[in-house]
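Note sheet for the following structure.
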Amino acid sequence: QVQLEESGGGLVQAGGSLRLSCAASGRTFSRLTMGWFRQAPGKEREFVAIVNWIDGTSYTDSVKGRFTISRDNAKNTVYLQMTILKPEDTAVYYCAVGYELYAVIPEKYDYWGQGTQVTVSS
């Protein structure tokens, strides 16, 4: 079992920045892929970014150059630094844990956090 707890969401103006954190507990963190997904009202949950245990990363096209995912294995924590935020980034952001190296669909992830709201005003 893995427990995940996100933090760092909030309200920000367009062009601003936020950093999300996700702390994991319950098992060895080092051989897991950590992902960030988001879900806007009325839309399906979508992939944002992942970082795997060999420090490989992947981003959805709409956030490339603006978001950076990273992990600190000593703290069992994954981060999502978000810059140049846009109103279309508004969503609930979820942290997830899986076992595949480059999985980018929600169905490949086994554990989920409760989500943190990010709202970007125009």
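Listing for the model above:
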{"quantity": "Qualifying residues in the range 81-99 (those that are aromatic (Phe, Trp, Tyr) and touching a strand residue (DSSP E or B) at 6+ places or on another chain (Cβ under 6 Å)) - the one nearest to residue 15 (Cα to Cα)", "calculated": "93"}
{"quantity": "Subset of the range 94-122 (residues that are among the hydroxyl-bearing types (Ser, Thr, Tyr) and out of contact with any Phe, Trp or Tyr (no Cβ under 6 Å at 6 or more places or on another chain))", "calculated": "99, 102, 109, 111, 119, 121, 122"}
{"quantity": "Criterion (farther than 16 Å from residue 6 by Cα, at pLDDT 95 or above and polar (S, T, N, Q)) met by exactly one of 83, 116", "calculated": "83"}
{"quantity": "Any hit, the range 82-91, residues being in a strand (DSSP E or B), touching a residue at least 12 places away in the same chain (Cβ under 8 Å) and surrounded by 14 or more Cβ atoms within 10 Å (Cβ to Cβ)", "calculated": "yes"}
{"quantity": "Any hit, the range 57-65, residues being open to solvent by 20 Å² or more (accessible area, probe 1.4 Å), within 15 Å of the chain's Cα centre (by Cα) and under 15 Å from residue 2 (Cα atoms)", "calculated": "no"}
{"quantity": "Among the candidates 27, 31, 38, residue that is part of a strand (DSSP E or B) and of a type outside the set (Gly, Ala, Ser)", "calculated": "38"}
{"quantity": "Pair list, Cβ < 8 Å and 6+ apart or interchain, from the range 33-62 residues that are farther than 19 Å from residue 20 by Cβ to residues that are modelled with pLDDT under 95 and hydroxyl-bearing (Ser, Thr, Tyr)", "calculated": "53/30; 53/33; 56/102"}
{"quantity": "Among (1) at pLDDT below 95; (2) among the hydrophobic types (A, V, I, L, M, F, W, C); (3) surrounded by 21 or more Cβ atoms within 10 Å (Cβ to Cβ) - the single one residue 101 does not satisfy", "calculated": "(3)"}
{"quantity": "Candidates 40, 74, filtered to the one that is out of contact with any Gly (no Cβ under 9 Å at 6 or more places or on another chain), open to solvent by 50 Å² or more (accessible area, probe 1.4 Å) and either over 19 Å from residue 120 (Cα atoms) or modelled with pLDDT of 95 or more (or both)", "calculated": "74"}
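The values are calculated or read from the model by the stated rules, or taken from the named source; none is laboratory data. What you see is a predicted model, and the numbers here were worked out from it, not measured in a lab. Methodologically, a virtual Cβ is constructed for each residue, glycine included, from the backbone with ideal geometry; neighbour enumeration extends over all protein chains shown. Ligands, DNA and RNA are stripped out before the accessible areas are found, and what is left, the full protein with its side chains, is counted by its heavy atoms. Shrake-Rupley method; radii C 1.70, N 1.55, O 1.52, S 1.80 Å.
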